[in-house]
Amino acid sequence: MILLRITLFFLILLLLPDWYIYKFYIKQSTKKWKRRIWWVPSIGLLLALLVFIFFRHSLQHAFSLYLIIALCIAVPKMVFMVCDTILYLCKKTAQCLFRTSAPLPLVRLYSLAKICLPLFASLATCAYIVFGAIFGKEFFQVKEVTFTSADVPQAFDGYRILQLSDLHTGSWTDKGKALQRAVALSNAQHPDVIVFTGDLVNSRADELKPFMHILSRLQAKDGIYSVLGNHDYGTYVHWDTETDRLANVDTLISREKQMGWDMLMNEHRILHRGNDSIALIGVENSGNPPFPNQGNLPKAQKGTEDMFKILLSHDPTHWRREVLPRTNIQLMLAGHTHDMQVNLFGFSFSKFVYPEHRGMYLENGRGLYVNIGLGFVMFPMRLGAWPEITVITLKTKK
């Protein structure tokens, strides 16, 4: 299903603007060679996509490069088409308003815009994509957030929770230099506790091994706690047996423990400050199909009934499915969405898939924070949806 969506996406992205430009520009050319070769790049990219689909397991890194090249070719063409269409509609509107020919300055302005605007916008888009591919995925941002509740114990007023999510260590190929900066930036926030809300790897526990010495340097007064995400179950690769897949999950959990991380598998921990305490609850991934749903929230929160509770749950859809209607958990921390790794002027297509896709959401004094992730998967870039380190400060409502 995912491969089908990717294929349909690229069919539209590659062929629609090509058809538009061919119809209104290339087809009018008197040079036959232009008309003959126009479709060659897009057809070549589509044929290459088929190769990657059939040999995706052995060509993963090459596929990342392919995506960058395809986007640098296709998206600027799409932008050109949109800009050209907008200018055409503006021209038609002006003709309706003036009924006769438009004033000469306006005609000259349109002619200049017709030449410059689509071309400039296309080149700027291409440059932005290159920036996102080279620098965007390492453009770490620290987000400061405050959560205020009357249920926060007085001793935890000002308590700093640093949240990381969706590292996808299998996607990093720079020997850990970028993650070293991310770890240093995280430690510089001097958090009281660090939480990780899932998707540490893409599929295999071995992806974590080269980065264990780096991630083990994360420091917080009350420790580091984590939960599993959908990718951590290894369901996106082929295993000879189910036993092999489960052994992979066990290996991942074991390696997190070696790093000093405390994995919460449908269980909780109590954090203390003086005579006060709060509960940190963690569940296995609880998602809608096709994602795993192995969370057991009743089990995880048993014994925390009268406490201020923070839930770590990878998938933000868990909040409305179970957390809000069936519990009194005050704050849930999630990841998973990546904000689809592209957010332009505050808009992301992830809003059509996840009602809560980035940032803080509040309902009747209860909160959900969705961290858009520190890593990347499939598309080797981030545009606008920059990699995130979140610092959530608890405040007691007076």
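A search for C-beta distances below 7 Å between a residue of segment 326-351 that is under 13 Å from PHE376 (Cβ atoms) and assigned to a helix (DSSP H, G or I) and any residue that is of a type in the set (Lys, Arg) and open to solvent by less than 10 Å² (accessible area, probe 1.4 Å), counting only pairs 6+ apart in sequence or on different chains, returns GLN341/ARG382. Would you confirm, using the coordinates I've provided, whether ILE253 is open to solvent by less than 10 Å² (accessible area, probe 1.4 Å) and either in a loop (DSSP other than H, G, I, E, B) or not basic (Lys, Arg) (or both)? Criteria not met by ILE253.
What about PHE147, is it open to solvent by 50 Å² or more (accessible area, probe 1.4 Å) and among the aromatic types (Phe, Trp, Tyr)?
Numbers: open to solvent by 50 Å² or more (accessible area, probe 1.4 Å): no; among the aromatic types (Phe, Trp, Tyr): yes.
Answer is no for this residue.
Specify the residue that is most open to solvent (accessible area, probe 1.4 Å); the eligible residues are those in segment 213-233 that are closer than 24 Å to ILE372 by Cβ and in a helix (DSSP H, G or I). Result: HIS231. If the condition is being touching a residue at least 40 places away in the same chain (Cβ under 8 Å) and either farther than 19 Å from MET332 by Cα or surrounded by fewer than 19 Cβ atoms within 10 Å (Cβ to Cβ) (or both), then segment 262-281 contributes ARG269, ARG273, GLY274, ASN275, ASP276, SER277. Residues in segment 8-40 that are among the charged types (D, E, K, R) and under 18 Å from PHE80 (Cα atoms) were compared, and the one that is surrounded by the most Cβ atoms within 10 Å (Cβ to Cβ) is ASP18. Residues being in contact with a His (Cβ under 9 Å, 6 or more places away or on another chain), modelled with pLDDT of 95 or more and of a type in the set (Gly, Ala, Ser) are represented in segment 333-352 by at least one member.
Looking across segment 148-178, the residues that are farther than 27 Å from HIS231 by Cβ and outside any loop (DSSP other than H, G, I, E, B) come down to THR148, SER149, GLN154, ALA155, PHE156, ARG160.
Screening segment 292-309 for residues that are in contact with a His (Cβ under 9 Å, 6 or more places away or on another chain) and basic (Lys, Arg) and picking the one that is surrounded by the most Cβ atoms within 10 Å (Cβ to Cβ) gives LYS309. Here LYS175 meets the list (1) in contact with a helix residue (DSSP H, G or I) (Cβ under 8 Å, 6 or more places away or on another chain); (2) basic (Lys, Arg); (3) more than 20 Å from ARG255 (Cα to Cα) almost entirely, failing just condition (3).
In the set LEU47, LEU89, LEU117, which member is more than 21 Å from ALA385 (Cβ to Cβ), at pLDDT 85 or above and either in contact with a strand residue (DSSP E or B) (Cβ under 6 Å, 6 or more places away or on another chain) or surrounded by 14 or more Cβ atoms within 10 Å (Cβ to Cβ) (or both)? Quick ask: steps written out before the conclusion?
Details: LEU47 fails: either in contact with a strand residue (DSSP E or B) (Cβ under 6 Å, 6 or more places away or on another chain) or surrounded by 14 or more Cβ atoms within 10 Å (Cβ to Cβ) (or both); LEU89 fails: either in contact with a strand residue (DSSP E or B) (Cβ under 6 Å, 6 or more places away or on another chain) or surrounded by 14 or more Cβ atoms within 10 Å (Cβ to Cβ) (or both).
Going through LEU47, LEU89, LEU117 in turn, the sole match is LEU117.
So for segment 282-291 (the condition being open to solvent by less than 10 Å² (accessible area, probe 1.4 Å) and not in a loop (DSSP other than H, G, I, E, B)), does at least one residue qualify? Yes; the residues of segment 282-291 include at least one that is open to solvent by less than 10 Å² (accessible area, probe 1.4 Å) and not in a loop (DSSP other than H, G, I, E, B).
Evaluate the following for ALA279: is it modelled with pLDDT of 95 or more and either in a strand (DSSP E or B) or polar (S, T, N, Q) (or both)? Reasoning before the result, please.
Details: modelled with pLDDT of 95 or more: yes; either in a strand (DSSP E or B) or polar (S, T, N, Q) (or both): yes.
Against the criterion (modelled with pLDDT of 95 or more and either in a strand (DSSP E or B) or polar (S, T, N, Q) (or both)), ALA279 qualifies.
The values are calculated or read from the model by the stated rules, or taken from the named source; none is laboratory data. Because the structure is a prediction, the values reported are computed rather than measured. Backbone-built Cβ (ideal geometry, glycine too); neighbour counts: all protein chains shown. Heavy atoms of the whole protein, side chains included, go into the accessibility calculation; ligands, DNA and RNA do not. Shrake-Rupley method; radii C 1.70, N 1.55, O 1.52, S 1.80 Å.
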